[in-house]
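The values are calculated or read from the model by the stated rules, or taken from the named source; none is laboratory data. Being a predicted model, the structure only gives us computed values, none of them experimental. A quick note on method: Cβ atoms are made from the backbone with ideal geometry, for glycine too, and the neighbour counts reach across all protein chains shown. Each accessible area value is taken on the protein alone, full model and side chains, heavy atoms only, with ligands, DNA and RNA left out. Shrake-Rupley method; radii C 1.70, N 1.55, O 1.52, S 1.80 Å.
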Amino acid sequence: MEKFSVSVNVAAQSIVTFTLTYEELLRRRLGSYEIMIGLRPKQLVQNFEIVVDIYEPQGIAFVDVNSTFITNELLPLVEKTVTDKKAHVYFSPTLGQQRHCSDCEGTLIDGDLFIKYDVNHAQDIGEIQIVNGYFVHFFAPDNLPQIPKNVIFVIDRSGSMTGEKMKQTREALVTILSDLHEDDYFGLVTFDDVIESWSPSLNKATPENVAEAKEFVQTITARHSTDINKAILHAVDMLMAEQNDSLPDMSMIILLTDGRPSAGQQDLPVMQENIRNAINGSLSLFCLGFGYDLDYSLLYTLAKQNDGLARRVYEASDATLQLQGFYEEVASPLLLEVNLDYPGDTVTSLTQSHFKQFFKGSEIVVAGRMQESEIDTFMTKVSANGLEDQFVVKGFSVAEEWDSVFPEQDYIFGDFIEHLWAYLTIQQLLDKMDKCSPEEKENITAEALDLSLRYNFVTPLTSMVVTKPQAEDEETLIADKLTEDQREDLTESALSVDALYAPPQWMRAISRIVKPSLYFADGDPHFIIEVPDQNDSLCFNFDDKPGTIFNLVRDPLTGVTANGQIIGEKRPVPGVKMHTYFGRFGIVHEQLGIRLMVSTKEISLSEKGKQTQLFWSTTRTVKGLSMDLQIIKYHSVTVTVRNSVKFQIILHKMWIKHPYHQDYLGFYILDSHLLSNSVHGLLGQFYQGVNFEVSGLFPGKDPDKQDAIMFVKGNKLTVTRGWKIDFRKDVKNGENVPCWFIHNNGTGLLDGVHTDYIVSSLFQTI
């Protein structure tokens, strides 16, 4: 797990809501998916509630709920409802039910809640989901005969294994030996600085051989130092020496160690190269790291380089069960050399689609992009080596309208598959870096970095930037993704960033230079420049004739220009000043050949001469050569210019029969940090920051609002404390944003006057 923390000081008696939103690929292990929810409130909770909703297009096979803290008294409170494709779990104990006893303050809620479930797995090509030009393929056949295997257990018996760890290892090995399939062949190698084998060759898992091996296991005791390199090479030699037609095709080594190399070869890159060259793709190496005093990154790299997995076994009372559980995951190979193919030219940018083996109870996941986002069907072929013959299945994949199957869960089937594709691609690129030449590594690193930045993943190549408000100089703190060694140094928390939000003291002078984190134009058209370090904003309005076009952003270095056109009411409201709004936006990138027009009726994209017309009535994602569009039905379109800024345009829908009002748009700049220092425009000019000073409040013309004096850009202005509305989260009602309102069309705050920003056409760039 990753640990990041941000601390916030809040006023007494205030209510604070923390919302964590994240996406996770649930890995299928031992025939089920598992959701774990950690629950350690350390106090009684007035309104305690857990709600878990599961939506699975394949259909839900079963759902089990358990925990480390639920007693017989709490068990009836867990409500579970399962239908064909949906499951619902609800747990909400009262204050009394949370208590240890009727008159004590201690809580019973202290542990983890586990929800395990599985879906119905078709015995054909599996489940394929196609959404917004991306697809994911889940392949998990279970009703196949098991393939026998050759397995050598390589067990660390160095001095650090003494005591409970060695006792638990012996207990686990005894159980694992009992679980060997009768057609398996096995061996045991123990090591410290000396290598010993139970038998010089592999033995079939007959009852007699298993019983003899168990007796040997009981004699294993902890001794001296740790020679991992020699132990693995010895096991490889044993497997290579006995390769013949009478032995199974599938071979693996399972290494268990709790330490670092302290004898023999201790140069890690040399060790990795020795082992990779010895194995040479002929078998799989699985590595189990016992506890924390070990080089887990070495085990991870060894496993990844040799078609295996690495896991940590935690020092706890259930370590024996952890060891057994890992073996169960790899105990039953069903298919070897699995290939997932998608014939034709319909898909591209595939993640890993060849797998050395497939184990019972697991799942293979492949993701990719469609060549054309409009394609909704393609051919799929899965081939592999089974127990007795070649395994081949074929079929067509067809996109389904998930928003009709799960109409209230479009967030699940929106960008999730695209994010999953990026996540898998980045992971596999990082794994390749350990196997390739220096020249290839440079290209792979660049590709992984580009994807990490584009999709905002914190990886070993990127950092999470946290801005610390209200410092003398704006301070940026970097939270890097931890290495395995850094994780070992962590205790309760890591990467703590203190952020102090003080209540504004408007009666004294406040002077600061800020770079806004968000600026936007919305409503009648009001402009808001958000100031993050005081939870505050600057705002201004202007009036002009319907049809007037204004330049909002012009960045000559990045090549991005955005303009907006004013519209009015359907007809004037008698006795009321005419309201104007933004009704059309044009976004241009001349170098990339992009012209995007967004109106209240339609969205039109021209990219290098190719025209695409879209409408607000459908949720979809469009991937262009240099621009991506994400349309949320009748809500918003997010525009991402490749390697540049991101805009969001929000649609405000009015009642179609309203006598005066009509639909209008709002314009929001999101990734403003990707703009250059040369940016200008009604909104763009504020990227450079604003140096201003506000002094004492006094009564204004409006009895409900107070005025103040602002010194900005050499001007002395009377400003009013007011509110504007941010519609990003709630298009219907919006969210009130407190701001200092600059009168007279923003005069004094703007460079020049607002009419200086009028342009003649929606796509004018100069």
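When we screen Asp249, Asp237, Asp179, Asp227 for residues that are of a type outside the set (Val, Ile, Thr), buried (at least 18 other Cβ atoms within 10 Å of the Cβ) and under 42 Å from the mean Cα position of the chain (by Cα), the only hit is Asp227.
Could you tell me whether Ile128 is under 25 Å from the mean Cα position of the chain (by Cα), open to solvent by less than 70 Å² (accessible area, probe 1.4 Å) and not charged (D, E, K, R)? Yes; evaluated as a whole, the condition is true for this residue.
Scanning the stretch 48-78 for residues that are farther than 20 Å from Leu25 by Cα, open to solvent by 60 Å² or more (accessible area, probe 1.4 Å) and either more than 29 Å from the chain's Cα centre (by Cα) or of a type in the set (A, V, I, L, M) (or both) gives Asn72, Glu73, Leu75, Pro76.
The C-beta contact set for the stretch 65-86 (first residue assigned to a loop (DSSP other than H, G, I, E, B), second residue of a type in the set (Gly, Ala, Ser) and surrounded by 12 or more Cβ atoms within 10 Å (Cβ to Cβ), distance under 7 angstrom, 6+ apart or interchain) comprises Thr68/Gly111; Phe69/Gly111; Asp84/Gly59; Lys85/Gly59.
Within the stretch 371-386, restricting attention to residues that are hydrophobic (A, V, I, L, M, F, W, C) and at pLDDT 85 or above, which residue is farthest from Thr621 (Cα to Cα)? Let's see the steps before the verdict.
Filtering the stretch 371-386 down to residues hydrophobic (A, V, I, L, M, F, W, C) leaves 375, 378-379, 382, 384.
Now drop any that are not at pLDDT 85 or above, which leaves 379, 382, 384.
Values: Met379: 22, Val382: 28, Ala384: 34 Å.
Top of the filtered list is Ala384.
For every residue, the table says whether it meets (1) within 32 Å of the chain's Cα centre (by Cα); (2) in a strand (DSSP E or B); (3) touching a residue at least 60 places away in the same chain (Cβ under 8 Å).
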{"position": "Met578", "(1), (2), (3)": "no, no, no"}
{"position": "Phe585", "(1), (2), (3)": "yes, yes, yes"}
{"position": "Ser604", "(1), (2), (3)": "yes, yes, no"}
{"position": "Val622", "(1), (2), (3)": "yes, yes, yes"}
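Looking across Val338, Val393, Val347, one residue alone is of a type in the set (A, V, I, L, M) and more than 30 Å from Asp184 (Cα to Cα). It is Val347.
Within the stretch 290-300, does at least one residue satisfy the condition of being within 15 Å of Lys435 (Cα to Cα), within 28 Å of the chain's Cα centre (by Cα) and of a type in the set (S, T, N, Q)? Break it down stepwise before answering.
Within the stretch 290-300, the subset within 15 Å of Lys435 (Cα to Cα) is 297-300.
Add one more test, that the residue is within 28 Å of the chain's Cα centre (by Cα), and what stays is 297-300.
The next check asks that each one be of a type in the set (S, T, N, Q); those that pass are 297.
Yes, there is a match, as at least one residue in the stretch 290-300 is within 15 Å of Lys435 (Cα to Cα), within 28 Å of the chain's Cα centre (by Cα) and of a type in the set (S, T, N, Q).
Every residue, every condition in (1) part of a helix (DSSP H, G or I); (2) without any contact (Cβ under 8 Å) to a residue 40 or more places away in the chain; (3) closer than 19 Å to Ile147 by Cβ, yes or no:
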| site | (1), (2), (3) |
| --- | --- |
| Glu212 | yes, yes, no |
| Phe216 | yes, yes, no |
| Arg223 | no, no, no |
| Thr226 | no, no, no |
| Gln243 | no, yes, yes |
| Met252 | no, no, yes |
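In the stretch 723-762, which residue that is of a type in the set (Phe, Trp, Tyr) and crowded, with 18+ Cβ neighbours inside 10 Å is modelled with the lowest pLDDT? Among those that are of a type in the set (Phe, Trp, Tyr) and crowded, with 18+ Cβ neighbours inside 10 Å, it is Phe727.
Is it the case that Gly609 is open to solvent by less than 40 Å² (accessible area, probe 1.4 Å) and either in contact (Cβ under 8 Å) with a residue 24 or more places away in the chain or not hydrophobic (A, V, I, L, M, F, W, C) (or both)?
no
For the stretch 661-682, indicate whether the set of residues that are without any contact (Cβ under 8 Å) to a residue 24 or more places away in the chain and open to solvent by less than 30 Å² (accessible area, probe 1.4 Å) is non-empty. The answer is no, given that none of the residues of the stretch 661-682 is without any contact (Cβ under 8 Å) to a residue 24 or more places away in the chain and open to solvent by less than 30 Å² (accessible area, probe 1.4 Å).
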